[in-house]
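The values are calculated or read from the model by the stated rules, or taken from the named source; none is laboratory data. Everything numeric here is computed off the predicted structure, so don't read it as measured data. Cβ atoms come from the backbone with ideal geometry, glycine included; neighbour counts cover every protein chain shown.
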């Protein structure tokens, strides 16, 4: 394998549903320690892309490589940590029980699992809440548990699919900053899907996805410069309103 | 400070998790799935109570009420005339397994609706193994409930040989697996919890009533209901009940075991194929989902 290859690499990926185009041949890459924000309005194809990356949906065409493997391969699945848009905690189990369950699915057990759990709970500031039933946690803390769970098996790529859905502004900011730090400190490659422009402020790169096409893939400053707009918000509105074809990708 | 960029190759050995899908991984995953389902079952008091009360009511109200109406002639495996409540116990054990098999499929639909299924399907385990684990887990619950009912039946003085409890265990496991696999295969096509009750009424009741659970098949024939008699012979549940009935008395019913085993393989294969074709799991009920 090429040692300079990105952790996550998507090439000419296409997917259609009953005549409707979900993804129209997109390219995307996430390197180690990169925080890439996948910005797109509702219906852009973000969840379709994530389903393919997670191995839950086969693509019609194109290629995906995750840590050198294909989606669905055990190696690729191990390389991924995922926080889904829809909460996936078992609310009747305690925080630790949810983490243990996840660890077992990834083949972890014994002291290794317990020590990784404590590390992640401590990082998330949830040691005290470890015995609490998840149903009793606030929305923000539930997301923290999901992030701790996603990191438990030490993935190299973190997929965050609209992970701030339902959170208040302060909790959203805290989550974005937390994941940004993870990318910096652990070298985890992060793909953060959102339709909220303010979450892109911490990005190394912003990939704009619209109607199944990548309209832009650039650093925030470059994105605004190229669109001639003063802010990422204005640039995003301009580019998605214009609906630029792929050939004119900036 | 920003970390030095790491490549996939550089990081590939970093995770502490085992690299392959080995026996230890398989056992841990299976244990976790069984443990979770047991925990949920024990904490769902309504389900726990219903699991024992439902067949017990049938035993008390139906069997005792009709004991003088239904006469059972001497048919294998019975070597003598048996009271109706003795005859009906294997059928009610089958009912316990049938209800729980379907209940397990409801749990699959619930997990899919609640998003938990995504977590399972994204794990580094083969999909068939996840389904097998769910099947084993549901069967463990089924068999525990079946023994709970046997204890109730014994408490009410129904004469079942004590050794029959032991002999029936493999049969209960096999029939429980078959009915659980049927539930799994059906859960592929039930996309929402709201549709579950309706769909199950078309499965549970015909399977239960058109079988030797409540009376021997010859009674259908005697009543001139040839179509029902034929339908009962095509019903896998018929063979499940017969397998349990025979093993409770230390006898083996080869045809019943073969049919139950064959149906188990067929239903499980359908479930695996269905979950492969139907991926991804149900989209979240959220307008933001794309």
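Key figures
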read-out	value
Residue among A:158, A:191, A:175 that alone is closer than 26 Å to residue A:76 by Cα and either in a helix (DSSP H, G or I) or free of Cβ contacts under 8 Å to residues at least 24 places away in the same chain (or both)	A:175
Wholly within the range B:127-201, helices (runs of 4 or more DSSP H) carrying at least 3 residues that are over 21 Å from residue B:241 (Cα atoms), over 14 Å from the mean Cα position of the chain (by Cα) and in contact (Cβ under 8 Å) with a residue 24 or more places away in the chain	B:127-155
Filter result for the condition that a residue is facing chain B (nearest Cβ under 7 Å), touching a helix residue (DSSP H, G or I) at 6+ places or on another chain (Cβ under 8 Å), modelled with pLDDT of 90 or more and buried (at least 22 other Cβ atoms within 10 Å of the Cβ), over A:66, A:82	A:82
Residue A:122 being more than 30 Å from residue A:5 (Cα to Cα), over 14 Å from the mean Cα position of the chain (by Cα) and free of Cβ contacts under 8 Å to residues at least 12 places away in the same chain	yes
Subset of the range B:81-101 [within 11 Å of the chain's Cα centre (by Cα) and either surrounded by 24 or more Cβ atoms within 10 Å (Cβ to Cβ) or over 29 Å from residue A:105 (Cα atoms) (or both)]	B:94, B:95, B:96, B:97, B:98, B:100, B:101
Selected residue [within 14 Å of chain A (Cβ to nearest Cβ) and either modelled with pLDDT of 90 or more or part of a loop (DSSP other than H, G, I, E, B) (or both)] from B:283, B:258, B:271, B:266	B:283
Residue among A:135, A:142, A:131 that is within 20 Å of residue A:193 (Cα to Cα) and over 14 Å from the mean Cα position of the chain (by Cα)	A:142
Evaluation of residue A:92 against (1) out of contact with any helix residue (DSSP H, G or I) (no Cβ under 6 Å at 6 or more places or on another chain); (2) without any contact (Cβ under 8 Å) to a residue 24 or more places away in the chain (one fails), failing number	(2)
Residue tally, condition farther than 17 Å from residue B:130 by Cβ and without any contact (Cβ under 8 Å) to a residue 24 or more places away in the chain, over the range A:68-84	3
Conditions (1) within 18 Å of residue A:217 (Cβ to Cβ); (2) buried (at least 17 other Cβ atoms within 10 Å of the Cβ); (3) in contact with a helix residue (DSSP H, G or I) (Cβ under 7 Å, 6 or more places away or on another chain); (4) more than 8 Å from chain B (Cβ to nearest Cβ): number failed by residue A:41	(2)
The lone exception for residue A:87 - which of (1) surrounded by fewer than 18 Cβ atoms within 10 Å (Cβ to Cβ); (2) facing chain B (nearest Cβ under 9 Å) it fails	(1)
Number of the exception - residue A:108 against (1) surrounded by 22 or more Cβ atoms within 10 Å (Cβ to Cβ); (2) under 20 Å from residue A:8 (Cα atoms)	(2)
Residue pairs meeting the criteria (Cβ under 8 Å; at least 6 apart or on separate chains; first within 15 Å of residue A:35 (Cβ to Cβ), in the range A:216-227; second part of a helix (DSSP H, G or I))	A:218/A:226; A:220/A:200; A:220/A:201; A:220/A:232; A:223/A:232; A:223/A:235
Extreme residue, nearest to the other protein chains (Cβ to nearest Cβ), among residues of the range A:18-38 that are over 23 Å from residue A:175 (Cβ atoms) and touching a residue at least 24 places away in the same chain (Cβ under 8 Å)	A:22
Helices (runs of 4 or more DSSP H) lying entirely in the range B:1-91 (those with 2 or more residues that are at pLDDT 75 or above and at the interface with another protein chain (Cβ under 7 Å from one of its Cβ atoms))	B:23-43
